[in-house]
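One structure is given here, and the rest of the page talks about it.
The values are calculated or read from the model by the stated rules, or taken from the named source; none is laboratory data. What you see is a predicted model; the values in this text were computed from it and never measured. Note that we place each Cβ from the backbone using ideal geometry, even for glycine, and neighbour counts take in every protein chain shown.
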Amino acid sequence: MTVITRFAPSPTGMLHIGGARTALFNWCYAKKTGGKFLLRIEDTDKERSTKEAIEAIFRDLKWLGLDWDGDATVYQSARAARHAEVAHELVKRGRAYFCYCTPEELEAMKAEAQAKGEQPRYNRMWRDRNPSEAPAGVKPVIRIKAPIDGDTVIEDAVQGRVTVPNSQLDDFILLRSDGSPTYMHAVVVDDADMGITHVIRGDDHLNNAFRQKIIFDAMGWPVPVFGHVPLIHGADGAKLSKRHGAQSVGEFKDMGYLPEAVCNYLLRLGWSHGDDELFTKEQAAEWFDVNDINAGPSRLDMKKLDHVNTHYMRLADDTRLAEEVITRNSLKIDETHKARLLAGIHDLKSRAATLVQLTSEAKFYLVDEVAYDEKAAAALNDHDAHHAMHHIYDALARLGADFTETAIDTACRHIAEHVYAGKLAKVMMPLRAAICGTTTSPPLFKAMEILGQAEVMKRLKAALHWMHDHGHHHH
Ligand code: GLU
């Protein structure tokens, strides 16, 4: 049997990280088994489905590197005629029936159930009634003939055996009076027609699974293996919601996480393979089994995600990271800036947890005028610093063609020894502030070599002017 999994998002909002994790699990399982991973857009709810959301699903799945099989994406809305056909087929087979209840009758049923303190449930009044008794002018719905006695049992690959007494399930609607399918029905028909063998999805769908199994059984279709994955919770243990901050894949992307880190982190969140923490999705696919998905809920931990992302930042290709930095900048970037950035990115990437941080720390390579942050300004607004800056300026101006990391290093150490009794910090603090506008940076002498003598001298001169304007210029 070829395994066929699917990801079936409803395009009603941005792709949630819980959805991305579901997609990853399905993708991994298909890869592991040499099967297929299909994509179905569940856009039956036309009011809530949007084109933007569909595009975001494609964009975010591609960003994560989750390629799906099949010649074309399945759109659930395009299959309404088939959904109706199956509902009518079930009527023909005596497994479903037309129900002519009026809204008033349904209201009365509800009120009666409520008066008895029971769940409102359809009382099956048309289940065995002859349609010839149908009132004129009422368009019927089609309802399933759900089993009355016994239990519906699901052997869930994640949750284990889950049982619901059939007395709790009613004859739910398959086809509305306007001929449109209910969501419950559409999912089953689509899964059957797509040959889905494994349904891995959020456990918010576990309740639907019982009803869906009844439809599969009624059609005599094989019931897929279900695996209901507990939802992702926030750090406080509550279900992930807006107040926890970022929830969508797009937001994580904007926050500067790499797709491979997001994949690794999400896979690890809710599934494990021994003590392994860092792995690619391809590696995970080799190890993956639905049974290894955790039955308990998982908590989003941004510190762990940062840790995972830091790992992938170090591994990432320099050119790729430089391009990310460039697109994340609003600065006007020319070829000189690009060359500097590319030369400097190696030292920068091992210091940054996210692309946002990398972008900010790379900024000094991309500006024509350095702006001093508060700490850098404080470092420059200092009598000793001004004094040191003159020494630095003169020494570096003399380096000429030998403007290398080593030569700069030697020159700066020389000043430190002769003027500041060996205290290199006296030189480094103002120098870093002048070159980077910050008090931390990647290895500074290397960065200066990359910037080149002309640019360095320009920045030192600008710092001297700034210091002059800010007062501490008396010797
Ligand atoms: N469309 C559903 C959702 O986005 C998923 C349905 C399913 O996986 O069966 O929650």
#### Entry: Meets criteria (touching a strand residue (DSSP E or B) at 6+ places or on another chain (Cβ under 9 Å) and either modelled with pLDDT of 95 or more or acidic (Asp, Glu) (or both)) for residue 27
yes
### Task
Considering (1) modelled with pLDDT under 95; (2) of a type in the set (Ser, Thr, Tyr); (3) under 17 Å from residue 219 (Cα atoms), say which one residue 132 fails and leave the rest.
(3)
### Message
Within region 283-294, does at least one residue satisfy the condition of being buried (at least 17 other Cβ atoms within 10 Å of the Cβ) and within 16 Å of the ligand (Cβ to nearest atom)?
### Response
yes
### Message
Looking at residue 107 and the list (1) without any contact (Cβ under 8 Å) to a residue 12 or more places away in the chain; (2) closer than 30 Å to residue 3 by Cβ, which single condition is not satisfied?
### Response
(2)
### Message
Between a residue in region 172-196 that is over 15 Å from residue 76 (Cβ atoms) and any residue that is in a helix (DSSP H, G or I) and within 14 Å of the ligand (Cβ to nearest atom), which pairs come within a Cβ distance under 9 Å, given they are 6 or more apart or on different chains?
### Response
172/184; 172/185; 172/211; 173/184; 173/185
### Query
What number of residues within region 157-193 satisfy the criterion of being within 26 Å of residue 25 (Cβ to Cβ), away from the ligand (no atom under 14 Å from the Cβ) and touching a Leu at 6+ places or on another chain (Cβ under 9 Å)?
2
### Task
Six or more apart or on different chains, Cβ under 8 Å: which pairs go from a residue in region 260-280 that's farther than 17 Å from residue 297 by Cα to one that's of a type in the set (A, V, I, L, M) and not in a helix (DSSP H, G or I)? Could you list them?
264/278
## Note on the structure
Taking region 414-435 and keeping only residues that are of a type outside the set (Val, Ile, Thr), in contact (Cβ under 8 Å) with a residue 12 or more places away in the chain and part of a helix (DSSP H, G or I), one is left with 414, 426, 428, 429, 430, 431, 432, 433, 434
### Query
Has region 266-273 got any residue that is within 16 Å of the ligand (Cβ to nearest atom) and touching a strand residue (DSSP E or B) at 6+ places or on another chain (Cβ under 6 Å)?
yes
## Note on the structure
Scanning region 137-190 for residues that are within 13 Å of residue 99 (Cα to Cα) and of a type in the set (A, V, I, L, M, F, W, C), the one surrounded by the most Cβ atoms within 10 Å (Cβ to Cβ) turns out to be 174
#### Entry: Matching option when the condition is of a type in the set (Val, Ile, Thr), over 29 Å from the mean Cα position of the chain (by Cα) and within 16 Å of the ligand (Cβ to nearest atom), among 154, 200, 196, 232
154
### Query
Which one of 85, 107, 52, 112 is within 25 Å of residue 149 (Cβ to Cβ) and part of a helix (DSSP H, G or I)?
112
### Query
Where residues in region 226-265 are of a type in the set (A, V, I, L, M, F, W, C) and in contact with a strand residue (DSSP E or B) (Cβ under 7 Å, 6 or more places away or on another chain), which of them is farthest from residue 353 (Cα to Cα)?
226
#### Entry: In region 316-349, the residues that are in contact (Cβ under 8 Å) with a residue 12 or more places away in the chain and aliphatic (A, V, I, L, M)
316, 321, 322, 325, 326, 331, 333, 341, 342, 343, 345, 348
### Task
Check residue 17 against each of (1) closer than 17 Å to residue 157 by Cβ; (2) under 12 Å from the mean Cα position of the chain (by Cα) and name the one condition it does not meet.
(1)
### Message
I want to confirm something. Restricting to region 24-56 and keeping residues that are under 27 Å from residue 297 (Cα atoms) and within 10 Å of the ligand (Cβ to nearest atom), which single residue is surrounded by the fewest Cβ atoms within 10 Å (Cβ to Cβ)?
### Response
42
### Message
So residue 77 ticks every box in (1) at pLDDT below 95; (2) more than 19 Å from residue 195 (Cβ to Cβ); (3) under 26 Å from the mean Cα position of the chain (by Cα) but one. Which box is left unticked?
### Response
(1)
#### Entry: Conditions (1) over 11 Å from residue 396 (Cβ atoms); (2) in contact (Cβ under 8 Å) with a residue 24 or more places away in the chain; (3) within 43 Å of the chain's Cα centre (by Cα); number of the one not met by residue 445
(1)
### Message
Considering only residues that are away from the ligand (no atom under 12 Å from the Cβ) and of a type in the set (A, V, I, L, M, F, W, C), which ones fall in region 203-220?
### Response
210, 214, 215, 216, 218, 219
### Query
Is there a residue in region 300-310 that is assigned to a loop (DSSP other than H, G, I, E, B) and touching a residue at least 60 places away in the same chain (Cβ under 8 Å)?
yes
### Message
Please determine whether any residue of region 1-13 is modelled with pLDDT of 95 or more, surrounded by fewer than 22 Cβ atoms within 10 Å (Cβ to Cβ) and more than 14 Å from the ligand (Cβ to nearest atom).
### Response
yes
#### Entry: Near pairs, Cβ below 6 angstrom, 6+ apart or cross-chain, from region 3-14 (touching a residue at least 60 places away in the same chain (Cβ under 8 Å)) to any residue that is more than 10 Å from the ligand (Cβ to nearest atom) and in a loop (DSSP other than H, G, I, E, B)
3/35; 3/197; 4/35; 4/195; 4/197
## Note on the structure
residue 82: passes all of (1) within 16 Å of the ligand (Cβ to nearest atom); (2) under 23 Å from residue 226 (Cβ atoms); (3) of a type in the set (Lys, Arg); (4) surrounded by fewer than 19 Cβ atoms within 10 Å (Cβ to Cβ) but (1)
### Query
Which residue, of 234, 245, 220, 270, is at positive phi, surrounded by 15 or more Cβ atoms within 10 Å (Cβ to Cβ) and of a type outside the set (A, V, I, L, M)?
270
